[in-house]
Amino acid sequence: MAVKTPPLPRTRHSEPERDPLTLWEASVIATYQIAFNRKSGTTALLVPHLVAEQLLTCASHDMPVQRLAPDGSALPAQTLLEQWDHESLAHS
């Protein structure tokens, strides 16, 4: 699975920071991460099927989610992540 995490919203000094991810989403990313592309803010995850289905259900404009290699590609996760066009998902 590939996930593009939303950026942290800017806050003023008096406001508490608000994480745009739910506790469940943050936990899944922390637990199943296998590759990360800092430049694009995308993460490759190796998750069980039921977790993948839930992630796809949670997908939004702010947090696009997609199967990274639906064709069964054997390329390394980092390469697949670099090739993922998450921008087209956000604009569709």
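The values are calculated or read from the model by the stated rules, or taken from the named source; none is laboratory data. All of these numbers come straight from a predicted model, not from anything done at the bench. Backbone-built Cβ (ideal geometry, glycine too); neighbour counts: all protein chains shown. The accessibility values were calculated without ligands, DNA or RNA, using every heavy atom of the protein model including side chains. Shrake-Rupley method; radii C 1.70, N 1.55, O 1.52, S 1.80 Å.
Among residues of segment 1-31 being surrounded by 12 or more Cβ atoms within 10 Å (Cβ to Cβ), assigned to a loop (DSSP other than H, G, I, E, B) and aliphatic (A, V, I, L, M), the one that is nearest to the chain's Cα centre (by Cα) is M1.
Scanning segment 37-52 for residues that are assigned to a loop (DSSP other than H, G, I, E, B) and either open to solvent by 80 Å² or more (accessible area, probe 1.4 Å) or acidic (D, E) (or both) returns R38, K39, L46.
Please verify whether A74 is of a type in the set (A, V, I, L, M, F, W, C) and either modelled with pLDDT of 90 or more or surrounded by 15 or more Cβ atoms within 10 Å (Cβ to Cβ) (or both), treating the condition exactly as stated. The answer is no for A74.
Evaluating L55 against the criteria (1) of a type in the set (A, V, I, L, M, F, W, C); (2) closer than 23 Å to T79 by Cβ; (3) assigned to a loop (DSSP other than H, G, I, E, B) leaves one unmet condition, (3). Every condition in (1) open to solvent by less than 60 Å² (accessible area, probe 1.4 Å); (2) modelled with pLDDT of 85 or more; (3) of a type in the set (A, V, I, L, M, F, W, C) is met by I34 except one, and the failing one is (1). The residue that is farthest from V3 (Cα to Cα), among those in segment 58-73 that are within 9 Å of the chain's Cα centre (by Cα) and outside any loop (DSSP other than H, G, I, E, B), is Q66.
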